[in-house]
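Take a look at the structure below.
The values are calculated or read from the model by the stated rules, or taken from the named source; none is laboratory data. Here the structure is a predicted model, which is why all the values come from computation and not from measurement. Positions of Cβ are generated from backbone atoms using ideal geometry, with glycine treated the same way; all protein chains shown enter the neighbour counts. Note: areas computed on protein heavy atoms with side chains; ligands, DNA, RNA excluded. Shrake-Rupley method; radii C 1.70, N 1.55, O 1.52, S 1.80 Å.
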Amino acid sequence: QELHSRLSQVSGLRLLSRSAVNRYADGDAARMAAELGVERVVEGDLRVDASNVHLETRLIDLEGRRTVWTATYDRERDALLTVPGEVAEQLVKALNVAVTPEERERVRRRPTARLDAYLLYLEWQRTREDWDDRDSQYASLDPLRRAIERDPAFVEARAAYAYELALM
């Protein structure tokens, strides 16, 4: 989700929503390419433990069904704030997309300086669709509330919180 957010800052890229792509979770790349009009998709695997972050990222050409770019990132957990920007920059380079200086800065920008606030935001992202009723939906906002308490200037957390409240 964070990578999608970073890449959406680049005007030369056409990105689809996660929900549009998730319909093809069965791996039918040909159908996805035909129905959505996409040529490439980004896949990745993220593992975070108490002290490290491991991310494997792949750019897949759907027509040839082949990997055209791959990168592995092994960092200390504190680097979790910078890895999405690094990945986005490398993907843009691999796609040979022109980027303005302003777009490059937005791609690199950390959403918050507080890792604890960012981890709470990621917790909310992972669980945001797990609610069944209004009470569980409201309870799912707790990680966002706590993230905002830790960093009141965390714009993405504030925007997500306001958006979710407006949907209730």
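What GluC sites (Glu not before Pro) does segment 29-69 have in DSSP loop regions with at most 14 other beta carbons within 10 Å?
For GluC sites (Glu not before Pro) across segment 29-69 that sit outside H, G, I, E and B with at most 14 neighbouring Cβ atoms in 10 Å, the list reads Glu39, Glu63.
How large is ³J(HN,Hα) for each residue in segment 23-30, as worked out from phi by the Karplus curve 6.51 cos²θ - 1.76 cosθ + 1.60 (θ = phi - 60°), to whole Hz, x for Gly and Pro?
Each residue's phi maps through the Karplus curve to give 4, 10, 4, 6, x, 7, 5, 5 Hz.
Skipping prolines and chain starts, which residues have an amide H placed within reach, meaning under 5 Å, of the one on Trp69, given they are 5 or more residues away or on another chain?
Amide H to amide H, under 5 Å and 5 or more residues apart or across chains, Trp69 pairs with Leu59.
Below 8 Å, C-alpha to C-alpha, sequence gap of six or more: please give me the relative contact order for segment 1-123 in percent.
Reported as a whole number, the value is 25 percent.
Can you list the GluC sites (Glu not before Pro) in segment 79-168 that are in a DSSP coil and have 14 or fewer other beta carbons within 10 angstrom?
Working: sites: Glu86, Glu89, Glu102, Glu103, Glu105, Glu123, Glu129, Glu149, Glu156, Glu164; in loops: Glu129.
Of the GluC sites (Glu not before Pro), the ones in loops of segment 79-168 whose Cβ has at most 14 other Cβ atoms within 10 Å are Glu129.
Along the positive direction of the dipole of segment 85-141 (beta-carbon charges: Lys, Arg +1; Asp, Glu -1; about the Cα centre), which of Ala117, Tyr138, Val87 reaches farthest?
Val87
How much of the accessible area of segment 36-85, probe 1.4 Å, is carbon plus sulfur, in whole percent?
42
Per Stokes-Einstein, at 37 °C and 0.692 mPa s, what whole-number D in µm² s⁻¹ belongs to segment 31-85, with the Kirkwood radius over Cα pairs as the hydrodynamic radius?
D = 261 µm²/s.
Once both labels are modelled 7 Å past Cα along the beta-carbon direction, what's the Arg158-Asp45 spacing in nm?
3.9
With θ set to phi - 60° and the Karplus curve 6.51 cos²θ - 1.76 cosθ + 1.60, what are the ³J(HN,Hα) couplings of segment 49-55 in order, to the nearest whole Hz, using x for Gly and Pro?
After applying 6.51 cos²θ - 1.76 cosθ + 1.60, I find 10, 4, 10, 9, 10, 10, 10 Hz.
Could you give the length gained by full extension between Thr70 and Met168, i.e. 0.36 nm per residue of separation minus their alpha carbon distance, to one decimal place? Present the calculation step by step, with values, prior to reporting the outcome.
Values: separation 98, 0.36 × 98 = 35.28 nm, distance 4.00 nm.
That pair, Thr70 and Met168, stretches by 31.3 nm at full extension.
So how exposed is His4, as accessible area in Å² (1.4 Å probe, rounded to 10)?
Accessible area, nearest 10 Å²: 70 Å².
Taking 7 Å along the Cα-to-C-beta vector as the label spot, tell me the Asp116-Asp78 distance in nanometres, rounded to one decimal.
1.5
Which trypsin sites (Lys or Arg not before Pro) in segment 10-113 sit in a loop by DSSP (not H, G, I, E or B) and have at most 16 other Cβ atoms within 10 Å of their own Cβ?
Answer in residue order: Arg14, Arg23, Arg65, Arg109.
Segment 51-137: D in µm²/s via Stokes-Einstein (Kirkwood Rh, Cα pairs, 37 °C, 0.692 mPa s)?
The diffusion coefficient I find is 213 µm²/s.
With +1 on each Lys and Arg Cβ and -1 on each Asp and Glu Cβ, and nothing else charged, work out how big the dipole of segment 55-168 is about its Cα centre, in Debye to the nearest 20. Intermediate values should be presented prior to the final figure.
Numbers: 19 positive and 23 negative charges, 75 e Å.
That gives segment 55-168 a dipole magnitude of about 360 debye.
Hey, what D do you get for segment 1-153 in µm²/s if you plug the Kirkwood alpha-carbon radius into Stokes-Einstein at 20 °C and 1.002 mPa s?
125
Accessible area per residue, 1.4 Å probe, Å², for the chain: what's the number?
On a per-residue basis, 61 Å².
³J(HN,Hα) across segment 138-151 via Karplus (A = 6.51, B = -1.76, C = 1.60, θ = phi - 60°), whole Hz, x for Gly/Pro?
Those phi angles translate into 5, 5, 5, 7, 3, x, 5, 4, 5, 4, 5, 4, 6, 9 Hz.
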